[in-house]
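The values are calculated or read from the model by the stated rules, or taken from the named source; none is laboratory data. What you are looking at is a predicted structure, and each value in this text was computed from that prediction instead of being measured. Here the Cβ positions follow ideal geometry from the backbone for every residue, glycine too, while neighbour counts run over all protein chains shown.
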């Protein structure tokens, strides 16, 4: 008999056995990321509008775990669901399909309107699973470039300041204006996604945010994200009507990280669905930086009708928080 249910703490021994080949340290990190107590208990009883943590589900057949899936709501917009982890037996893609369809049905019934997943472009079969098997569509790509031996031509740092909740509306407008029109319907963000969440201290990642203004016009937004206080991802949104010195932006980002850590690894996110993607990529090449990861962005949207007046295992880690870094 096959069934899908929420992952509980007493499932840990079976999971450890499943992924024992990852090694003791990676094994513990993986399991800790699936369910975090006691925050996970609080998150489980909250309605979708207030969820703030990842949730995990398992597929069992005769009490044997055949697959695991984990999902997390978008901060500030819990109706946008991110698939963050997927585990199933070698070539058991039907198990992966069942888990994905379960998540879409379960959270769609609760009001979720879109589902997003980031898949390494080398996983051709997995890409086919999401697109051909589960109805996702590919929007674009996101790349991570490692700031290894970064030597800027300029030593100046851009005059960013700390982002405040009052900046949220302007930041959302800036991000959405930076998107290529083709990707706006699926990739647009709302102001609440840039407001500090109520349960910020219980989040699995730590993010610092900054803004840069020209008089009263917001011209740049910068975020520094880490899940382990060792590896940091630099992400920037820019007003396409202005000229920027990327050296100054990265210099500021690195200086902020150095205030917290003396030893760290930094990565720059390059979003190919942004209008300035080609120019930014030219800059990254000019600094002799290496692209260490390319992920396909897959999205599945729910479009609601107008209301009528009448009545061996494969492990996939998705998204920026799960990048395998040195």
Checklist entry - Which condition number does residue 152 fail, the rest of (1) touching a helix residue (DSSP H, G or I) at 6+ places or on another chain (Cβ under 6 Å); (2) in a strand (DSSP E or B) being met? => result (2)
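For (1) at pLDDT 80 or above; (2) closer than 23 Å to residue 296 by Cβ; (3) assigned to a strand (DSSP E or B), each residue gets a yes or a no:
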residue	(1), (2), (3)
27	no, no, no
31	no, no, no
68	yes, yes, yes
72	yes, yes, yes
80	yes, yes, yes
86	yes, yes, yes
94	yes, yes, no
98	yes, yes, no
Checklist entry - Out of curiosity, is residue 186 loosely packed, with under 15 Cβ neighbours inside 10 Å and either touching a helix residue (DSSP H, G or I) at 6+ places or on another chain (Cβ under 7 Å) or not in a strand (DSSP E or B) (or both)? => result no
Next on the checklist: Residue under question is residue 104, and the condition is that it be within 25 Å of residue 295 (Cβ to Cβ), surrounded by 22 or more Cβ atoms within 10 Å (Cβ to Cβ) and within 19 Å of the chain's Cα centre (by Cα); does it hold?
Outcome noted: no
Checklist entry - Between residues in the stretch 41-52 that are surrounded by 13 or more Cβ atoms within 10 Å (Cβ to Cβ) and residues that are outside any helix (DSSP H, G or I) and modelled with pLDDT of 80 or more, which pairs lie under 6 Å by C-beta distance while being six or more apart or on different chains? => result 43/51; 43/53; 48/78; 48/110; 48/111; 51/73; 51/78
Checklist entry - Of the numbered conditions (1) part of a loop (DSSP other than H, G, I, E, B); (2) touching a strand residue (DSSP E or B) at 6+ places or on another chain (Cβ under 8 Å); (3) more than 22 Å from residue 276 (Cβ to Cβ), residue 102 satisfies every one except a single condition; which is it? => result (1)
Item to check | Hits in the stretch 107-130 - residues which are in a helix (DSSP H, G or I) and more than 19 Å from the chain's Cα centre (by Cα) | outcome: 108, 109, 124, 125, 128, 129
Checklist entry - Which strands (runs of 3 or more DSSP E) does the stretch 240-319 wholly contain that include 2 or more residues that are over 13 Å from residue 142 (Cα atoms), modelled with pLDDT under 95 and in contact with a strand residue (DSSP E or B) (Cβ under 8 Å, 6 or more places away or on another chain)? => result 290-301, 313-317
